[in-house]
Amino acid sequence: TEVFPELLQANLYDEMVVAMRKNETLVREHYFEKQNIWFETSAYPSMEGLFIYLRNITQRKKQETLLTLEKQVLEINARPSVMLHVTVNYFLEGIEKLFPGMRCSVLTLEDDRKTIRHLSAPSLPFEFVKAVDGLKIGPAVGSCGTAMHRKEKVIVSDVMTDPLWVGACEMASELNFRACWSFPILSATNEVLATIAAYYAYPK
């Protein structure tokens, strides 16, 4: 309980005491919010006391949560009255909860195949969304404009030093953007439909 005081708050400690008294094995899954970690906690009574085994299952739980989110998004998208941006907002908000510290956006191209528009950016500042809307794609237009131009992923690990972000460094610094990864979404005919981007507050 000194290492993980959350055990007391979740009644897991009390369950372990009961398991030891009854000489029963106890297996529980528990989320430690402070560390953003899932553990499978197993307690095995023995003559010497209680043997406790903690196994990190964070990756598995994230995968399960992601599959659940994808199922929910498909169900929402199947409703004829729901607009596309509402569905995408729901998906991005779910992704951001699953990966704390990451902010996401989806950009689309207008019919001219050159002009960028935000479809969804649930946690990005309005001034940034406004500044990006209407930009033209090109070989050095941030992460997303460049990804659309190249039709390939663009990983900018530090926007303060990457030449793709020249001209936008000041705004990025003010808004605490230090890294931006952008992935183009292509059609079956290799036409760019959109990009999905992930922003971080530190180089990554």
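Key figures for this structure:
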quantity: Point-charge dipole on Cβ atoms (K/R +1, D/E -1) for segment 114-204, about Cα centre, debye to 20; calculated: 260 debye
quantity: Mean Kyte hydropathy of -1.0 or more with a Cα span along the axis of at least 18 Å, helices from DSSP in the chain; calculated: 58-77, 84-98
quantity: DSSP loop GluC sites (Glu not before Pro) with at most 13 other Cβ within 10 Å excluded, longest remaining stretch of the chain; calculated: 49-109
quantity: Dipole magnitude of segment 1-103 about its Cα centre (Cβ charges: Lys, Arg +1; Asp, Glu -1), debye to nearest 20; calculated: 280 debye
quantity: Segments 113-120, 80-87 sorted - mean Cβ within 10 Å per residue, highest first; calculated: 113-120, 80-87
quantity: Descending semi-axes in whole angstrom, ellipsoid equivalent of the chain, from the Cα gyration tensor; calculated: 45, 20, 14
quantity: Unit charges at the beta carbon, dipole of the chain: most positive-side option, Ser143, Asn11, Ile57; calculated: Ser143
quantity: Size of electric dipole in the chain: Cβ of Lys, Arg +1 and of Asp, Glu -1, about Cα centre, debye, nearest 20; calculated: 400 debye
quantity: Projected area averaged over orientations for segment 58-172, convex hull of C-alpha atoms, nm²; calculated: 8.5 nm²
quantity: Charge tally in the Cβ shell below 13 Å around Asp111, where Lys, Arg are +1 and Asp, Glu are -1, Asp111 excluded; calculated: 0
quantity: Dipole axis of segment 70-204 (+1 Lys, Arg; -1 Asp, Glu on Cβ), positive-most option in Thr195, Leu74, Ile116; calculated: Leu74
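Computed from the coordinates by the stated procedures, all read-outs in this text should not be read as laboratory data. Quick caveat: nothing in here was measured; it's all calculated off a predicted structure. When we count neighbours, we look across all protein chains shown, and the Cβ atoms used for this are built from the backbone with ideal geometry, even at glycine.
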